[in-house]
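K.L.:
Next up is a structure, given as structure tokens.
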Amino acid sequence: MNSRSRYPPPWMGGGRGGGGGGSMHPNANTSFQHRNQQQYMQRSSVPHQQQFQNQQTQQWMRRNQLSSDSAIDEVEKTVQSENGSSQDWKARLKIPPLDARYRTEDVTATKGNDFEDYFLKRELLMGIYEKGFERPSPIQEESIPIVLTGSDILARAKNGTGKTAAFCIPALEKIDQDNNVIQVIILVPTRELALQTSQVCKELGKHLKIQVMVSTGGTSLKDDIMRLYQPVHLLVGTPGRILDLARKGVCVLKDCSMLVMDEADKMLSPEFLPSIEQLIRFLPASRQILMFSATFPVTVKAFKDRYLQKPYVINLMDELTLKGITQFYAFVEERQKLHCLNTLFSKVASNKPVYNFLQLCKSCRTSCQEDHGTGLFMLLYTCEDASRS
Ligand SMILES: Nc1ncnc2c1ncn2[C@@H]1O[C@H](COP(=O)(O)OP(=O)(O)OP(=O)(O)O)[C@@H](O)[C@H]1O
């Protein structure tokens with residue numbers, strides 16, 4: 001166990017999160033907030049075991065007050081069926097095999113929250129568990145309850161620590177599936193990431209009736225327009241294409257109360273920033289903005305000051321590298337790169353995973369080939385742009 005407190009969540013004291021920590025968004029859904037705060041207070045003020053005992057005592061006292069045996073039977077049946085039905089849905093879930101991947105402290109050092117602590121819709125909980133998530137990761141523990149209150153957030157956590165689900169889960173929870181309008185936009189820098197993110201939303205929301213659409217540049221605009229005539233609740237895409245559709249009046253964003261920016265550092269680059277700023281004008285004044293990234297350059301501050309309202313700042317980064325991972329770099333001439341990589345692979349023990357982060361131009365392609373002599377995997381880079389090869 002670590003020293004971090006379990007509940008109450010940070011805005012009620014005792015939690016973590018810097019900056020504007022704890023500030024309640026003026027546009028927060030007050031009825032939701034009220035309900036949740038009451039629930040959190042109930043939970044935080046009475047430890048679980050004691051709460052259970054209290055319930056048992058109350059039931060026992062109620063039972064003593066009832067004079068007839070039939071009334072007692074009735075109470076017992078109700079209690080049994082309540083307990084039974086709360087367990088039944090879990091027993092029927094199709095849980096995937098345990099994820100045996102090694103987990104670093106970046107994801108294991110949690111407060112010990114459960115997804116059920118957030119009072120999510122049962123259908124959403126079913127999707128979460130069937131995706132193989134047992135417990136929220138630290139960034140999910142910090143973000144989910146805050147996003148549910150309606151607050152803007154700026155969240156920083158390392159790559160691979162569960163940021164995607166940290167915004168997809170509260171987004172899916174907040175969508176009213178009976179209202180066929182776009183309620184959430186998730187902006188990402190590339191089509192690949194848009195497809196991945198929409199896949200996560202579909203998997204987590206597989207028991208919900210939420211319609212997810214992907215819209216990015218490089219695909220048929222006409223297809224997107226046709227698709228938008230069907231119900232869409234959650235739109236994942238790149239800023240330019242979504243702005244184009246909004247300007248044409250096909251993508252109606254007046255009810256879109258949540259805007260998420262994944263890889264926010266890249267989203268605020270000169271390539272995307274102007275489109276995002278224009279896109280924000282199509283959203284209602286009461287929108288909620290969530291920014292997630294592993295790094296936050298100075299451009300973020302200017303954007304935050306301009307567009308976010310009393311944002312809650314979450315920073316789970318003391319360093320960029322995941323714990324337990326050794327990182328180093330080699331400074332080489334352009335022409336030495338492949339040789340260097342080759343030498344590196346031949347030196348590293350073949351049973352150790354090697355992650356190679358590289359910046360590719362758009363025409364670059366990577367492929368992976370196994371060298372059957374050594375058993376090592378070779379990453380091959382090909383570039384159609386002759387000037388860069
Ligand atoms: N609560 C959880 N329990 C178990 N696995 C999880 C949980 N949350 C996320 N994961 C899994 O952890 C992996 C990394 O998650 P994810 O890709 O969301 O991280 P990320 O922080 O968004 O990374 P990146 O910044 O690289 O996109 C994924 O395989 C995801 O399914």
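K.L.:
Residues with amide H under 5 Å of LEU93's amide H, sequence separation 5 or more or different chain, H placed in the peptide plane at 1.01 Å from N; which?
P.N.:
It is none; the list stays empty.
K.L.:
In nm, to one decimal, how far is the ILE95 label point from the GLN177 one, both placed 7 Å along Cα→Cβ?
P.N.:
About 2.3 nm separates the two model spin labels.
K.L.:
Among 164-170, 255-261, how do they line up from the highest to the lowest mean number of other beta-carbon atoms within 10 Å?
P.N.:
With the highest mean Cβ count within 10 Å placed first, the list reads 164-170, 255-261.
K.L.:
Please give the net charge around THR216, taking every other residue with its beta carbon less than 12 angstrom from that of THR216, where Lys and Arg add +1 and Asp and Glu add -1.
P.N.:
-2
K.L.:
Summing Lys, Arg as +1 and Asp, Glu as -1, what charge do residues with Cβ under 13 Å from the Cβ of PRO239 carry, PRO239 excluded?
P.N.:
0
K.L.:
What is the sum of charges around GLU123, taking Lys and Arg as +1, Asp and Glu as -1, for the other residues whose C-beta is under 12 Å from the C-beta of GLU123?
P.N.:
+2
K.L.:
Further question on the same structure: Once phi is turned into θ = phi - 60°, what whole-Hz ³J(HN,Hα) does the Karplus curve with 6.51, -1.76 and 1.60 give for every residue of region 281-295, x standing for Gly and Pro?
P.N.:
Calculated HN-Hα couplings, in order: 5, 7, 8, x, 4, 8, 6, 10, 10, 10, 10, 10, 6, 8, 10 Hz.
We did not get these values from a lab; they are worked out from the coordinates using the rules stated. Note that this is a predicted model, so its numbers are computed, not measured. We place every Cβ from the backbone using ideal geometry, glycine too, and count neighbours over all the protein chains shown.
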